[in-house]
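Asker: Sharing a structure below in structure tokens format, with a few things to ask.
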Amino acid sequence: MSDQTYVVDDLIAQDIDAYLDLHQHKTMLRFITCGSVDDGKSTLIGRLLYDSKMIFEDQLAALEADSKRQGTQGQAIDFALLVDGLAAEREQGITIDVAYRFFNTERRKFIVADCPGHEQYTRNMITGASTADLAVILVDARKGVLVQTRRHSYLCHLIGIRNVVLAVNKMDLVGYDQAIYDAIVRDYAEFARSIGLDRFVAMPISGFQGDNITTRSANTPWYRGPALIDHLDTVAVNAALDRDTPFRLPVQWVNRPDLDFRGFSGLIATGSVRPGDAIRVLPSGKTSTVTRIVTRDGDLDEAVAGQSITLCLADAIDCSRGDVIAPAAAPPQVADQFEATLVWLNDEALIPGRAYWLKLATQTVSATVQQPKFVVNVNTMEHMAAKTLDLNAIGVVELTADRPIVFEAYADNRTLGGFILIDKITNATVAAGMLHFSLRRAQNVHWQALDVTREARAALNSQTAHVLWFTGLSGSGKSTIANLVEKKLHAMGKHTFLLDGDNVRHGLNKDLGFTEADRIENIRRVGEVARLMTDAGLIVITAFISPFRAERDMVRAMIAPGEFVEVFIDTPLDEAERRDVKGLYKKARAGALKNFTGIDSPYEAPENPEIRVDTTREAAEDAAERIVNHILGHWMPVI
Amino acid sequence: MSDPLTLTHLARLEAEAIHIMREVVAEAQNPVMLYSVGKDSAVMLHLACKAFYPSPPPFPLLHVDTTWKFRAMYDLRDTMARDSGMDLLVYQNPEARARGINPFDHGALHTDMWKTEGLKQALDTWGFDAAFGGARRDEEKSRAKERIFSFRTASHGWDPKNQRPELWNLYNARKNKGESIRVFPISNWTELDIWQYIHLNQVPIVPLYFADMRPTVERDGMLLMVDDDRFPLRPGETPVMRSIRFRTLGCYPLTGAVESTARTLPQVIQETLLTTTSERQGRAIDKDAGGAGMETKKQQGYF
């Protein structure tokens with residue numbers, strides 16, 4: 001057992017002020033210990049705490065008593081009992097959840113996340129790994145590299161831990177044999193290369209006996225590297241604090257105590273900021289200048305990554321929770337479709353297509369996940385096909401958010417690239433994700449904020465922009481009523497535009513056919529055109545069969561709230577077919593027209609349209625009058 | 001520091017705590033800060049004032065009172081509430097009051113009714129959905145395993161085997177109906193960090209943390225302070241003036257003092273570092289029900 005301690009007792013006793021000064025300037029290192037069950041994680045941590053005198057007499061007395069009652073080390077102290085805190089853990093002799101432990105050396109404060117080994121508790125291990133700067137991977141010298149060793153190494157690498165220590169433990173039980181140690185290191189190096197882990201530091205230790213923990217052990221004269229504590233004390237971490245990394249502040253909260261003060265609070269993710277810096281607010285793209293960095297202890301001249309601050313800006317621009325403040329010249333990307341790696345953390349498997357909450361930094365959006373491109377077999381690193389992601393599965397997927405989010409690749413920025421998925425019903429955190437890149441090729445096109453706003457344009461026209469979206473079967477009377485509506489609005493001096501289904505297919509959409517995918521794309525483009533026209537302040541009238549509810553909802557989501565008016569021309573199929581104005585039903589019945597809505601392709605009627613017109617009971621002229629009154633704000637009884 | 005972009009451990013801990021508090025204010029409907037008047041509460045309140053400056057912290061302080069705290073604690077509590085510009089809510093379990101529950105006659109029932117039940121009642125009374133607490137992971141074994149956002153069922157129970165994954169600094173604050181959240185912004189602080197922060201920031205704390213001559217009796221291996229005349233002296237017991245201080249503060253009849261001459265913060269820190277027993281040693285609560293005392297209490301709704 002080592003007599004070395006990390007706490008400088010003499011200095012504490014003789015000059016407490018000097019000691020406090022020393023402690024005050026310490027930096028912090030967070031690391032995790034992981035490895036297979038029984039590789040000795042808890043013992044190692046117990047040893048670190050014991051050697052650094054973080055265990056007090058009363059705890060030690062309780063530990064000695066517990067060791068005799070429940071311990072697995074005979075009469076010797078079982079350090080594992082010190083850290084296995086939950087009753088179930090002590091009974092089963094395993095670690096279930098991450099435990100956080102603390103100790104100091106002269107140079108650093110350490111936070112250790114003691115992570116469970118069992119595969120079923122991977123989600124707890126991921127929790128511990130996500131905040132770690134360094135990982136200590138333990139291997140039992142008698143057993144060598146096991147499945148769990150690989151799994152944990154891969155997860156650590158995946159979550160972006162760049163400093164890895166391979167601690168070959170229980171060397172005392174193999175007679176401190178160098179050949180055994182070398183073979184394990186060789187074995188691990190080969191595996192490490194296969195997952196892209198190009199650098200790690202290996203050391204032979206015994207957590208139980210204390211070899212190479214605080215000082216180099218006499219039992220391993222062939223080992224030339226540092227003791228574990230020396231390495232932890234000196235290893236360089238924190239690439240996120242690189243001065244070359246651009247400034248990123250995800251806005252958490254707007255501080256508005258009175259009308260004279262408006263500050264934007266958040267934790268700086270990367271980079272630094274000074275008063276006078278030109279900034280851009282994403283996703284709006286608005287620019288301004290930093291005027292103050294406010295703290296209760298006085299304004300700052302500079303703030304850096306890792307600090308929680310409040311910024312004031314020169315201009316009263318829109319900025320709220322979820323926005324990101326960045327340098328005007330170096331903003332992050334904005335997109336709504338991504339490729340990402342997901343680690344599934346829930347008993348209930350991924351349901352492709354279902355909407356989950358996606359939380360990234362301070363942004364929360366609704367997002368759907370497609371069927372995985374592949375899952376990774378963590379033991380063989382093979383890519384395998386899969387329809388879903390089960391508990392603990394790791395896969396690469398494409399995600400679609402319901403609105404654009406500000407992001408960066410996880411490899412470049414953990415804060416703007418790491419996200420969680422939350423089940424909308426159970427509220428459980430079901431997955432951890434790491435963004436790779438956006439799928440839209442427009443990733444470097446930033447939204448240009450315009451000085452003449454849509455409200456200003458609409459006001460000049462003395463009208464509110466709207467989209468009147470007519471939907472219904474072919475021959476239901478959409479075009480007829482839409483035409484009447486436009487004529488009435490035009491006569492009243494309103495600025496309108498009618499987007500007709502057939503006309504659009506002669507130009508903008510002439511490359512599209514009538515397959516399901518093409519019909520969806522047809523509607524998407526019309527929706528985007530309608531949105532631009534509402535930005536221009538127009539009242540847009542569209543007449544498309546638009547049979548699928550999902551596509552109509554997609555367009556509704558594109559348009560500003562309250563401006564989308566769904567008009568359901570509700571003519572029963574037999575009535576539309578009886579009218580058959582264009583003779584199309586006859587052709588479809590004869591099999592000459594494929595995918596014809598109502599015949600061999602479904603029509604999903606709107607569930608809650610703003611306006612419903614039953615053409616068997618209401619004349620076209622009356623319906624048009626009612627629709628006009630609806631958007632101009634006049635109330636009319638529903639017929 | 002060679003690299004100006006490297007923050008000290010205290011700077012990182014402060015930034016983390018502020019970030020946590022702002023997340024709660026942004027995502028919870030009705031947050032509250034549990035304020036026990038101890039040194040951890042003092043640091044937590046100081047951090048809250050920093051987090052929302054120049055606004056006052058946008059939530060009230062809640063003191064779940066047992067009527068048996070040290071008098072000096074009530075004094076500081078009222079001063080701090082006034083200075084912070086926050087509302088102070090004080091809750092005393094009416095049933096415990098009516099039945100005259102006290103630490104001398106009722107033992108564990110005292111903690112259960114005044115603190116555990118009192119806390120549940122207070123949270124339900126005002127409908128708080130998120131409560132900040134000053135617990136630290138270095139205090140006790142089950143706390144070392146608790147998440148920063150820790151969920152409680154409608155009956156305020158804790159399910160340690162089913163905690164949500166908590167990745168990076170992304171906190172999932174979405175609750176099911178009836179659930180509430182305990183949030184621990186200073187989870188990653190140690191006792192030394194707390195003292196150092198108080199020292200650096202001149203955070204006001206109860207004078208009982210500093211040594212002074214105080215009336216004491218020795219009972220069941222604990223040194224108790226006779227803080228008022230409700231203290232029933234046993235036959236043969238006479239209060240003796242001793243130079244003592246407290247490492248933690250709770251109900252005065254349940255809180256053991258240590259003999260000390262440390263009258264300044266550096267001296268207190270010096271003693272703390274050179275001491276050989278843990279700070280919770282003076283607390284009776286951890287030792288109930290064998291090794292799992294605190295875990296059991298938390299499952300029942302104790303903070």
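The values are calculated or read from the model by the stated rules, or taken from the named source; none is laboratory data. Remember, predicted model here, so these are calculated numbers, not experimental data. Neighbour counts run over all protein chains shown; Cβ positions are idealised from the backbone, glycine included. Keep in mind that these areas ignore ligands, DNA and RNA; they rest on the heavy atoms of the full protein, side chains included. Shrake-Rupley method; radii C 1.70, N 1.55, O 1.52, S 1.80 Å.
Asker: Sequence-distant or interchain residues sharing an amide H contact under 5 Å with A:ASP580, placed H: which?
Answerer: So A:ASP580 has HN proximity to no qualifying residue.
Asker: State whether region A:333-444 is rounded, prolate or oblate according to the following rule on the C-alpha gyration tensor (a ≥ b ≥ c being the square roots of its eigenvalues): a/c under 1.5 gives rounded; otherwise a/b larger than b/c gives prolate, and the remaining case gives oblate.
Answerer: Verdict is oblate for region A:333-444.
Asker: Would you give the gap between the C-alpha center of region A:418-438 and the C-alpha center of region B:127-191, rounded to a whole Å?
Answerer: 20 Å
Asker: For the interface of chains A and B, what total accessible area is buried with a 1.4 Å probe, rounded to the nearest 100 Å²?
Answerer: 7100 Å²
Asker: Calculate, for region A:454-632, the solvent-accessible area per residue in square angstrom, rolling a 1.4 angstrom probe over the heavy atoms of the protein chains.
Answerer: 48 Å²
Asker: I'd like the accessible area for A:VAL201: 1.4 Å probe, protein heavy atoms, all chains in place, Å² to the nearest 10.
Answerer: It works out to around 50 Å².
Asker: Right, another one. Check which residues have an amide H placed less than 5 Å from A:VAL430's amide H, if you skip close sequence neighbours.
Answerer: HN-HN under 5 Å from A:VAL430: A:LEU421, A:ILE422, A:ASP423.
Asker: With n ≥ 4 as the cut-off for DSSP H runs, can you work out [θ] at 222 nm for chain A, using -39500 (n - 2.57) per run divided by the number of residues, rounded to the nearest 500?
Answerer: Taking each H run of at least 4 residues, the total per residue is -8000 deg cm²/dmol.
Asker: Oh, and also: Let a ≥ b ≥ c be the square roots of the eigenvalues of the Cα gyration tensor of region A:234-371; is it rounded (a/c under 1.5), or, if not, prolate (a/b larger than b/c) or oblate? Before the final figure, lay out each step's value.
Answerer: Working: a/c = 2.13, a/b = 1.60, b/c = 1.33.
Since a/c reaches 1.5 and a/b is larger than b/c, the shape of region A:234-371 is classed as prolate.
Asker: Express in whole angstrom the spacing between the alpha-carbon centres of region B:1-61 and region A:232-295.
Answerer: With region B:1-61 and region A:232-295 each reduced to a Cα centre, they are spaced 18 Å.
Asker: Report the GluC sites (Glu not before Pro) located in region B:5-35 that are in a DSSP loop and have at most 13 other Cβ atoms inside 10 Å of their Cβ, or state none. Walk me through the numbers before you get to the answer.
Answerer: Working: sites: B:GLU14, B:GLU16, B:GLU23, B:GLU27; in loops: none.
Nothing satisfies the criteria.
Asker: Here's another thing I want to ask about it. Kindly write out, for region B:99-114 in residue order, the coupling ³J(HN,Hα) from the Karplus curve 6.51 cos²θ - 1.76 cosθ + 1.60 (θ = phi - 60°), rounded to whole Hz, with x marking Gly and Pro.
Answerer: Values, residue by residue: 8, x, 5, 8, x, 7, 9, 10, x, 4, 4, 4, 5, 4, 6, 6 Hz.
Asker: Right, next: Residue by residue, what Karplus-based ³J(HN,Hα) values in Hz, rounded to whole numbers, does region A:468-476 have, using 6.51, -1.76 and 1.60 with θ = phi - 60° and x for Gly and Pro?
Answerer: 9, 9, 7, 10, x, 5, 4, x, 7
Asker: Cα to Cα, under 18 Å, and not fewer than 8 places away if on the same chain: which aspartates and glutamates meet these conditions relative to A:LYS586?
Answerer: Answer for A:LYS586, where 18 Å is the Cα cut-off: A:ASP574, A:GLU575, A:GLU577, A:ASP600, listed by chain and number.
Asker: Moving on to the next point. I'd like the accessible area for B:HIS46, computed on protein heavy atoms only with a 1.4 Å probe and all protein chains in place. Round to 10 Å², please.
Answerer: 30 Å²
Asker: Moving to a separate point now. Could you pull out the longest piece of chain A with no exposed loop GluC sites (Glu not before Pro) in it, calling a site exposed if DSSP puts it outside H, G, I, E, B and it has at most 10 other Cβ atoms within 10 Å? Write down the numbers at each step before the final one.
Answerer: Details: sites that count: A:GLU382, A:GLU607.
With a cap of 10 other Cβ atoms within 10 Å, the longest stretch comes to A:1-381.
Asker: Of the beta bridges DSSP finds with both residues in the protein assembly as shown, what % are antiparallel, to the nearest 5?
Answerer: Close to 60 percent.
Asker: In chain A, which longest range has no chymotrypsin sites (Phe, Trp or Tyr not before Pro) that are both DSSP loop (not H, G, I, E or B) and surrounded by at most 15 other Cβ atoms within 10 Å? Write out the running numbers ahead of the final one.
Answerer: On the way: sites that count: A:TRP222, A:TRP447, A:PHE514, A:TRP635.
Longest run free of exposed loop sites: A:223-446.
Asker: Just flag the trypsin sites (Lys or Arg not before Pro) in region A:483-564 sitting in loop per DSSP whose Cβ has no more than 14 other Cβ atoms within 10 Å.
Answerer: Answer in residue order: A:LYS510.
Asker: So, one more: What residue among B:PHE151, B:PHE59, B:PHE184 shows peak mean-square fluctuation when chain B is described by a Gaussian network model with Cα springs under 10 Å?
Answerer: B:PHE59
Asker: Check which residues have an amide H placed less than 5 Å from A:THR270's amide H, if you skip close sequence neighbours.
Answerer: A:ARG248
Asker: Scaled to the compact-protein estimate 2.2 N^0.38 Å, what is the alpha-carbon radius of gyration of region B:205-282, rounded to two decimal places?
Answerer: Working: Rg = 12.4 Å, N = 78, 2.2 N^0.38 = 11.5 Å.
For region B:205-282, the normalised Cα radius of gyration comes out at 1.08.
Asker: For region A:249-327, what does the alpha-carbon gyration tensor say about shape, rounded, prolate or oblate, given a ≥ b ≥ c as the root eigenvalues, a/c under 1.5 as rounded, and a/b over b/c as prolate? Don't jump to the answer; show the numbers that get you there.
Answerer: Details: a/c = 1.31, a/b = 1.06, b/c = 1.23.
Cα axes put region A:249-327 in the rounded bin.
Asker: Say we join alpha carbon atoms closer than 10 Å with springs in a Gaussian network model of chain B; which of B:ASP220, B:ASP105, B:ASP40 then has the biggest fluctuation?
Answerer: Fluctuation is largest for B:ASP220.
Asker: Now a separate question. Considering lysine pairs in chain B that are 8 or more places apart or on different chains, how many have Cα atoms under 20 Å apart?
Answerer: 26
Asker: Give me the one-decimal Kirkwood hydrodynamic radius in Å for region B:118-179, with the sum taken over alpha-carbon pairs.
Answerer: 13.0 Å
Asker: Taking the inverse of the average 1/r across all pairs of different Cα atoms in chain B, what Kirkwood radius in Å do you get?
Answerer: Values: mean 1/r = 0.0496 Å⁻¹.
Roughly 20.2 Å, rounded to one decimal.
Asker: For n ≥ 4 DSSP H runs only, could you compute -39500 (n - 2.57) per run for chain B, divide by its residues and tell me the 222 nm figure to the nearest 500?
Answerer: Using -39500 (n - 2.57) per qualifying helix, the result is -9000 deg cm²/dmol.
Asker: Okay, next question. For region B:192-200, what does the Karplus curve 6.51 cos²θ - 1.76 cosθ + 1.60, with θ = phi - 60°, yield as ³J(HN,Hα) per residue in whole Hz, taken in order and with x for Gly and Pro?
Answerer: 5, 4, 4, 4, 5, 5, 4, 4, 5
Asker: Compute the angle between helix A:57-70 and the longest alpha-carbon principal axis of chain A, please, reported from 0 to 90 degrees and rounded to the nearest 10.
Answerer: 90 degrees
Asker: Please calculate how many Å² of accessible area chain B carries per residue, with a 1.4 Å probe and no DNA, RNA or ligand atoms counted.
Answerer: Per-residue value: 36 Å².
Asker: While we're here: If I histogram all Cα-Cα distances within chain A using bins 10 Å wide from 0, what percent of pairs lands in each bin?
Answerer: Values per bin, smallest distances first: 3, 13, 18, 19, 17, 12, 8, 6, 4, 1, 0.
Asker: Let me cross-check A:ASP570: its accessible surface, 1.4 Å probe, with only protein heavy atoms counted, in Å² to the nearest 10?
Answerer: Estimated to the nearest 10 Å², A:ASP570 gives 40 Å².
Asker: By how many nm would the segment from A:ARG224 to A:THR515 grow when fully extended, if each residue of separation counts as 0.36 nm and the alpha-carbon distance is taken off?
Answerer: Details: separation 291, 0.36 × 291 = 104.76 nm, distance 6.88 nm.
Separation in residues times 0.36 nm, less the Cα-Cα distance, equals 97.9 nm.
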